[in-house]
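Beneath this line is the structure, given in structure tokens, with notes to follow.
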Amino acid sequence: MRAAFGGLTTRGRSFLAAGAAAVVCSYVLGQEGLLRVGLLLAVLPVVCVLVLHRTRHRITGDRVLSPVRVTAGQEAQVRLRVANVSRVPTGVLLVEDQVPWVLGPHPRFTLDRMRPGGHREVAYRVRADLRGRYPLGPLRLRLTDPFGMCEVSRGFGTHAMLTAVPYCEPLPPLRISGDAAGRGDGSLRTLALAGDDDIIPRAYRHGDDVRRIHWRATARTGELMVRREEQQRRAQATVLLDTRGVAYAGAGPGAPFERAVAAAASVAVHLLQLGFTVRLLTDTGAWLSGPDGVGGRSGGAGLDPADAAGTLLDALAVVDHSEAVGLSAAHEALRGDTGGLLVAFLGGLSPQEAAHVAGLRRRGTTALAFLLDPVAWPGAPMGHPTASPSFHALHTLHAAGWTALAMTPHLPFPALWQLAGTPSGRGQTTRGAMGAPGYGGPGGWA
């Protein structure tokens, strides 16, 4: 009852206050007619509260979100279905869905009277301009009496989760030189395009599992053949994302950190489409996709490339700044790694941090670095802790065999990715401070 009386609207409270004032004035002035008016004004909101409190409405609510995963900046549709499963009709219902403020104001709807067994459906759209995971719900209903004297709010525990993943740009094919040990580009591409049909069979031996019989080779040779036990090597790529909060400046959809996350997502999806097994590593040493990666031509880790891309994008949708100040944890995570393609997206680097990153590349392997220097982005504060000139970090990485380029807001990432496959992008020569190939500087490549 206390909650019911707490639901009095402004109109109900006004009627109650006016009735009480009229009753007091009737005693003071001795006006019997004013007493009847005061009692009527005071009793009406009380009766409405009692009737609304004793009315047992049974109402259910369902929510359908389509799609559940969107790219940042796209819209999703939410459909609400409210049904009256009680034996009495409802009054006017006010429906309000709880959504995060990032998606906009709470959507509100007014539903007309529903007969027993009836239902109403409403829909609204939400837009996530920033990547992330956003809970939708719970749904709240407000029941009102016909006079608008009282409102009772009830909630439903159903929720839905909207995932806004980073925007992935299509990237052009890139020819990258590599080693001859099975981990460079030439061997990586060969391995990436190999499928189950390329398995070399051997003759059947007593005790071999019949499930490993290679029927195509058996039909070709006329004797039982089985697949070899050795597992085929796969093309492997590691994407390193620098998430240090001190390495970036600004916030919002166009901030350098968001550009780094979107570029990392584009590269990861692009490599998955080529048949690579992709691993995601952050500066904290945490593997966002597991140390063995996901994807591969035959669906490494039990996932095909499409599902693997969804797994990586879901992980990148919620990645945030770390409190780390160095990259030593990432160096430890890659210690003893056998190689493969390495693509790093880095914020501002001090000379010591640049030297640390340079040591991540294994001899004979291919390593790409995209540097987002805070001083190259508009709105960067003067005297940023890591705002060192881009050339020094790029020169250190070039000297260690990296293909290092500076990312700036003036050049689209697909063009920068294509530039990484050219001789000037690989930085095979150096021509001094501001003329070094790959140097972005405050002016970038524009």
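Between Ala406 and Leu371, Gly440, the built amide H atoms are under 5 Å apart, and every one of these is 5 or more places off in sequence or on another chain.
Count charges around Arg140 for me, please; just the other residues with Cβ under 10 Å from its Cβ, Lys/Arg as +1, Asp/Glu as -1.
Numbers: positive: Arg108, Arg142, Arg154; negative: Glu96, Asp97.
Neighbourhood net charge equals +1.
Sorting His398, His321 on solvent-accessible area from highest to lowest, probe radius 1.4 Å, gives His321, His398. Per-residue 3J(HN,Hα) values for region 161-170, derived from phi via the Karplus relation 6.51 cos²θ - 1.76 cosθ + 1.60 with θ = phi - 60°, read 10, 9, 10, 9, 9, x, 6, 9, 8, x Hz in sequence order (x marks Gly and Pro). 3J(HN,Hα) couplings calculated from phi for region 11-17 with the Karplus curve 6.51 cos²θ - 1.76 cosθ + 1.60 (θ = phi - 60°) are, in sequence order, 5, x, 5, 5, 4, 5, 5 Hz; Gly and Pro show x.
First check a/c for region 79-183, with a ≥ b ≥ c the square roots of the eigenvalues of its C-alpha gyration tensor; if it is under 1.5, answer rounded, and if not, answer prolate when a/b is larger than b/c or oblate otherwise. It is prolate, given that a/c is not under 1.5 and a/b is the larger ratio.
At a Förster distance of 25 Å, what's the computed FRET efficiency of Arg154 paired with Leu40, Cβ-Cβ distance as r, to 0.05?
Details: r = 30 Å, r/R0 = 1.19.
Calculated transfer efficiency: 0.25.
For Leu288, the residues whose modelled amide H falls within less than 5 Å of its own, excluding neighbours fewer than 5 places apart on the same chain, are Leu280, Leu281, Thr282.
In order along region 141-152, the Karplus-derived 3J(HN,Hα) couplings, from 6.51 cos²θ - 1.76 cosθ + 1.60 at θ = phi - 60°, round to 10, 10, 8, 10, 7, x, 8, x, 7, 9, 10, 10 Hz, and Gly and Pro are given as x. For the pair region 232-275 / region 299-375, the C-alpha centres are spaced 8 Å from each other.
Computed on protein heavy atoms with a 1.4 Å probe, the accessible areas place Arg131, Arg175, Arg154, Arg211 in the order Arg211, Arg175, Arg154, Arg131, largest first. Using a probe of 1.4 Å on the protein chains alone, the accessible area found for Phe257 is around 10 Å². Ranked by the mean number of other Cβ atoms within 10 Å per residue, highest first, peptides 407-415, 271-279 order as 271-279, 407-415.
The values are calculated or read from the model by the stated rules, or taken from the named source; none is laboratory data. In this text, all values refer to a predicted model and were calculated from it rather than measured experimentally. For neighbour counting, all protein chains shown are included, and Cβ atoms are generated from backbone atoms with ideal geometry for every residue, glycine included. Calculation scope for accessible area: heavy atoms of the full protein, side chains included, ligands and nucleic acids excluded. Shrake-Rupley method; radii C 1.70, N 1.55, O 1.52, S 1.80 Å.
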